[in-house]
Each structure stands twice: as structure tokens, then as C-alpha cells.
1. With +1 on each Lys and Arg Cβ and -1 on each Asp and Glu Cβ, and nothing else charged, work out how big the dipole of the range A:200-260 is about its Cα centre, in Debye to the nearest 20.
2. Which of A:Ser150, B:Ser407 has the fewest other C-beta atoms within 10 Å, and how do the rest follow up to the most?
3. What distance in nm separates the two pseudo spin-label positions at A:Arg243 and A:Leu109, each 7 Å out from Cα along the beta-carbon direction?
4. Convert each backbone phi in the range B:175-184 into a coupling constant with the Karplus relation 6.51 cos²θ - 1.76 cosθ + 1.60 (shift: θ = phi - 60°), then list the ³J(HN,Hα) values in order as whole Hz, x for Gly and Pro.
5. Compute the length gained on full extension between B:Gln289 and B:Leu312: take 0.36 nm times their separation in residues and subtract their Cα-Cα distance, giving the result in nm to one decimal.
6. Please give me, ordered by residue number, the trypsin sites (Lys or Arg not before Pro) of the range B:208-244 that lie in loop per DSSP and have at most 10 other Cβ atoms within 10 Å.
7. Where does the charge balance sit around B:Ile322 when Lys and Arg score +1, Asp and Glu -1, over other residues with C-beta under 12 Å from its C-beta?
8. Could you put A:Ser2, A:Ser220, B:Ser128 in order, starting from the residue whose Cβ has the fewest other Cβ atoms within 10 Å?
Amino acid sequence: MSQTLITAENILFYVTVIAYFVSTACYFYYFAARSGKAAQIATALIAAGFVFHTLSLIVRGIGAGRIPLSNQFEFATAFAWGIALCYLLAYRKFRVSAMGTFIAPILFLIIGYAAMQSREVRDLMPALQSNWLVLHVSTAIISYGSFAVSCGISLLYLFYDRLSAERQSAMPDKKKLDQMSYRVITFGFLFLTIVMITGAIWAQRAWGHYWTWDPKETWSFITWLIYALYLHLRINRHWIGKRTAMFAVIGFVCVIFTFIGVNTFIPSIHSYA
Amino acid sequence: MKLLKKIWGVFHSMKCAIVLLVILTAACVAGSLIPQGEVASYYTTVYPEWAGKLILTIGLDDMFSVWWFIVMAGLLCLNLVLCSILRFPQLLRNYREGYTLEARKKRNRPEDWRWMPREETSVRNVFSALHFKPIAQESDGETWQYAVRNRVGIWGSWICHLGMIAVIIGFGLGQKYMLDTYVYGVPGQEKQVEEAGLCVAIDDFEVKLRDDYTVEQYQAQITVKDEKSGKEASGTTRVNAPFHAFGMDFFQNSTGWAATAKAYKGSELLDEQVLCQGELISLEEIPLQVQMTAFYPDYYNDGTGPTTLTPLLKNPVVIYTIYYDGNFFQMDAIGTGLPIQIDDYRFVFENPQQYTLIQIVKDPTMAYVGLGGILVILGIILAFFCRTEELWMRENADGSYVVFCRSVKGAELFADAVEGALRADGEIAEARQPSDGADEPLGQTDDESVLSDDGGRKSERAASESVPSDDKGGKSDQTDNKLTAQMRTEENSGTDEISAGTKKEEGEHVTDFDHR
Ligand code: HEM
């Protein structure tokens, strides 16, 4: 990768990190001081950060000569990009700024994690040279991004009772928050299913077996089971509300563990990503 | 009999499904955190004694093949089969008869939303704005318009379950009946694969390196001969691009170093074999064996242990181990072509080259698992993205209208969309009024309302649920002109319905599941 492109990618990446950081701070200020202006700035910053973020990914892709989705840094930054994308889509649909207060910190933490990873551009080992892998990781980004958003909405739900009546009345009611979270989860669940199937196809073509209970596979399956449980528990009326909101948060903790925890704590054939 | 009925009842219930899913999840967590397939002593030394014993007793060391894990997965599958069989006629009936005006009128549901807009125009266009195609109907002397969309969506969960059944059964049978074996060798070698009834000849093997010595691709050229029919097929297998022949896949799995080992007695050549790393050459006349333990193409040792500087054959060195009578005798490093002398016997490693390991897999159920996966995706799309939604309205005798809507997935959000469409039609001019913030399309000005543009609507809804009043601030006043009343219960709902409804309101799925 040429030095110019490396510099361009670095600048774009750090501008993105700063935009997400300031946005998080603005959301906190908005939540604490009820400043509508701060919320608008925060959302605009995420949108601006998203544009820089997209550019940084494009520059890296051009520099590496491939779609940049193949190591821990690339996946972490793409994961953050997915969260920003899903948040902006959810915001467009639901127009609830308050959820940003809970989602922006997640976004910042993930891009912060990306910033700590090695940024080196390496050529791909043969197993990673697969279009199925590209499809696998791209769908994972959307899926994980949706789960982050649903986690944010659910956290808002769990905080709802602590807010003053006045603030509550300026927000969608709890039932609606619950349904928003549910809709976003169904979107993430569809994508997670596609992630597992494309991953299985890739594994089959690369190693001859589509499912070997490798820890990363197992954890994505655990996450999938947790969300399947969430969907079924919803059908049981006693579980709608606080408990399902907690489930959505636990589901996202599993997502994070699948992404970071498995690589850190458990040896796996997925160790490179 | 009663007990049997009860057991049957439990077996096809969703409660049972939830318990099984929880157990399977917990088992997967254990199976991923506890290293699998180690020797027994590993668990008793690494874990506290009681934990080690527990792991070994209940098979947590072999989680995904232990009998109770398989039984749980089997029960989940049985549960799914029963639930699918039982739900099928209900779903079919619901699909055919459940989505008509008559059915809707008969089953007034507390969770059906309704509005009474004052202006005619804002009602009629709602159907088209939301892409509903209404059918006008006379019923009990009243004129109604009824429309349903995505009725097919009610099949979503059923199709998803069907897919899961195929995946579980397919995967289970695949594990049992799959052929999974391998051959390895260097170019020029031909190997028999008895389990597969094949003979595999390795014609060529190449490791493509980049300038920085990282591997770009492993590629083997092979010829496969079916022993029974005598037919042959040749092809290339690469990582991510297996060769397919005789219903089997041949994967380029891994590689390592091999060398030709020669054994001499004096100048007489006793034996010559190609040894891959780990293999031995044995002599017939005395119990002497030499193993090719490891190989370094560009050997380097700075005292911290042997390593290779490059993957190129610049300074090839073999690490060998000698066994006498089955016992370890000596281990050392030697360059290729140099002799290892043991009494009268001499061993030489020559012609180092890379061997390929080709995995041969025939998984007869993989297609079913794939089909199951497609069904699961299709089912999820139908269940969540083809949401069955209904919109209907009654023309009152005085010319006013009542609009109703219903959805079992995210009812509140659908009601919001209907309400938005109702309002938008008559209020485009108002919606375009100058607005302070992006959050407030209808022109709210106070900061707090930025929390959501829904804020205004919500207070208006809450107010209109009690008494329609003029006593509301800002934008609510404006919208109230259009929406005079909006309630969550039908006029003609009996008291029973309403009380049941207060419970059901919590979970709009419940009624639907009961119904189906
Ligand atoms: C891992 C296995 C399973 C998966 C992936 C799965 C998937 C789904 C999905 C996606 C839905 C739609 C949820 C919604 O509409 O909100 C659903 C609903 C449902 N599932 Fe499952 N399910 C599984 C296991 C089971 C089992 C074992 C049962 C056994 C009784 C079951 C019973 C039901 C029922 C009764 C519904 C409600 C249907 C409706 O109201 O539309 N599920 N399932």
C-alpha cells in the first residue's frame, strides 16, 4: 500500500474516531442537560463520521487491492461502520435521538478497539481468499450493527422508569421502544442466519466441513440461540418488556464475546479474524 | 391416560422448546469454554479434582457428541416436528378464512387500533398511501373497505421450523454417514483409499509463494480412479476450490515436508522410502528405526531452538530420531545428503520436497442441510419482513369514517404508520411549516421534544384516549383537527374481551399464536 494512501487512510480513520467521540460526548450532554441542540449535533457528527469512515474503508480497500474485511482491525472498523450505518437507518425510521445516548458509546468503544489493533495491510492467506468470506463478514457487520442498535434501544427501555415523567412524555412509550428493539433484532437475526450459512459454505469449501464446533462457530450459534429464545419468549406475553430488553442486552454481550472474547480467550481456527 | 396426555401436551409445547433451547445454549457455552477431546488426565490436573471428575462423568470433554447432547437436539427436532404438524391445519385455516372482513368483525380484538378522522379525503388515500388494495363490501347494512397485505407472512415461522428440522436431521445423519478420510504424498505417488474405493495419484503439487515468502496458494493436480468402474478423473484442487469427482470432494487441506530416506548396509541399498514428517523407515534384519521428526528448509539455530529463515531449500536440515527395539536411542540434526552411521548401517535423507494432504469428503446429507438453511432464511424473511397487516374502515351513516388497523408484529409501529398516513394526507402544508430541528417535522420548538418527534403524537394520543380536548399545546392542536378519537378497544367489545385484552395488550403475539 503506498505511503500516500496509508496517510490518507490514517487521517480519515482518526477524523472518524474523533467524530464518534465528540458525538458520544454530545449525546451525554444532551441526556444530562436536555439540550436538543446537542442531540442534533451528535447525530450530525455520527453522520459525518460515517462518511469519513466509509472513505477510510474505501481508501484501505484500494490500497490493499481487496475488500478490507480480513483481519481483526479490518473487521473491528467495519463492525463500527455497521453500527453507525444501522444507527443512522434506525434513526431515520424511528427518529428517537435518545437511543443515540446508548448506541454512540458502543460505537466509540468498538472503533476504539479497532484503533488498538495492528493496521498493517497483509496479503491474504489462501483460506481467506474467498468471496463467501466477503459475504460472510459483510453480513456479520450488518447483523452485529443491528444488535448493537437493539441493545441501545433496550438500554433506553431499561432506563425509562428512571426518567422524569416530562422526559418520558417526550419519548416513545415503553411499548413502542420494545417493538423498535424487536424490529431491529429481527433484522439482525435474519442477517446472523445468513452469516452462519455463508460461514458454513466458506468453511466447507476451505476445510471440507461446514460445521466443526470451532469456538467461534459455537459462539455465533450461541448468539443465534439467544436471539431465537428472545423471539420465542416474546410470544409468551409475560416475557415482553423488561425481560426481553435484558435478553437483547445479553444477546449483544454474546455478540461482543463472539467477536472479541473468543479470539482473546479461546484458541480457534478463526484466530486471524 | 391423563399422564400420557399431559406428557404429549408438554412435548409439543413451546415451553418445552424454550427449555431445550436453554439447555442446548448452556451446553454450547460449556463445550466452547472447556477444551474438547483432551486426555482424561488433562481435566483432572487443569481443573479442581471435583470439576475434572464432573467434566469426565457427564462428557463435557466431548460435548458435541455426548449422548445427552444428541438426545436434546433430537428432542428439539421432535418438538419442532410435532409443533409443525399440529400448527399446519390451523395455519391453513387461518390463511384461508382468517383474513376477511367477516372474520375481523367477528373477532374484535382489543389490540386493533382505530381512528375516526373527520375529513373524508384523508381516509380514502390512506389505503393507497400504505399500498393496501381495499375491497368494498356491504355488511350488516354498512359499507366497509377491507384490505390485508402479506397474508403469506403467517407461514414464516412454520417454514423456518421446517428448515430447522431439515438442518438438524441432515447434520445428525451427516455426522454418522459422512465419508471423511485423507491421503497424503508427494508428486508421483499413488495412494489407495480403501474406504472410498478409490486410488488417488498425486500428479503435481505446487506452493505458490509471494515475494515476501507468504503463501499465495497451495495447488495439487490429482488423478482419481474409481476402483469399481475403472473410470478416471483428473483435476486441480486448491484451497477454497476443491476438486469434485465420483460424488466426492477432494480438498487441498495441508502440506509439510517429505524426503527420500535410504538405508544402506555397507554399500548395499537395503531400502528406499519417501518419508513425510513423522514417518519412520524400519530395517528388516535388526529392530532399528529412523524417524524423520522435523524438517527445516533454511535451517537456523541461534541456541533458542531450530527454525527456518525462509521456506526455500537453502540449507535443508532433517531432525531425525533413532529407535532401537522400540526404545528411543538418539535424536539429532543432519543436512540432507549426509550420512547417519549406526554400526554397519547408514541412513541418508535426500531430495526434500513438499507433500500434500488431500482430504476426501462425501457428505450425502449436505444438500438437505443446505435446503434447510434456505428454508430457514426464507421463513425468517416471511415472518419478519412480510408482516401480515390489515387495514379496514367503516363508513358511518352520517358520512364519517372509522379506520381500523391490525398487525401481530409490532402493532404499535404499524398503527403509527397508519396514523402518519392519515395525518399526512390532509396536512402536507402543515408538515412543511418551518421547523427548528431535524427531529421535529411538525414544527415543535421546545428542546425536550427533540428526544423524539413522536413526543407530540404520543401526548395527543394519550389525551385523545380520554376526552378529545382542545387543551393541548402546539402541534397536537393541529393534528387533533384530523384525529378526533382514537382508542385501543372496539365499541362493541364485551367486558370479557376488554379484560382479556388488558392482559393481551402486553404481547400482541399471544392472541395470534392462540388463534393459530
Ligand atoms: C432453533 C430452533 C427454532 C428456530 C430457529 C425458530 C424460529 C422461529 C421464528 C423465526 C419464529 C417467528 C417469531 C415471531 O413471529 O416473532 C418462530 C415462532 C414460533 N416458534 Fe419457533 N423456532 C425454533 C424452535 C421452535 C420449537 C422447537 C418450537 C416448538 C414448539 C417452536 C414454536 C414456535 C411457535 C409456536 C412460534 C409462534 C408462531 C407464530 O405465532 O407465528 N419453535 N420460531
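No lab work stands behind these numbers, since they all come straight from the coordinates. From a predicted model like this one, the values you see are computed outputs, not experimental measurements. Methodologically, a virtual Cβ is constructed for each residue, glycine included, from the backbone with ideal geometry; neighbour enumeration extends over all protein chains shown.
1. With Lys and Arg at +1 and Asp and Glu at -1, about 320 debye.
2. Ascending number of Cβ neighbours within 10 Å: B:Ser407, A:Ser150.
3. Going by the 7 Å Cα→Cβ label model, 2.6 nm.
4. Each residue of the range B:175-184 in turn: 4, 7, 9, 6, 8, 9, 9, 8, 10, 9 Hz.
5. Gain on extension, B:Gln289 to B:Leu312, equals 5.4 nm.
6. B:Arg210, B:Lys228
7. Here the count lands on -3.
8. Arranged by neighbour count, lowest to highest, A:Ser2, A:Ser220, B:Ser128 become A:Ser2, B:Ser128, A:Ser220.
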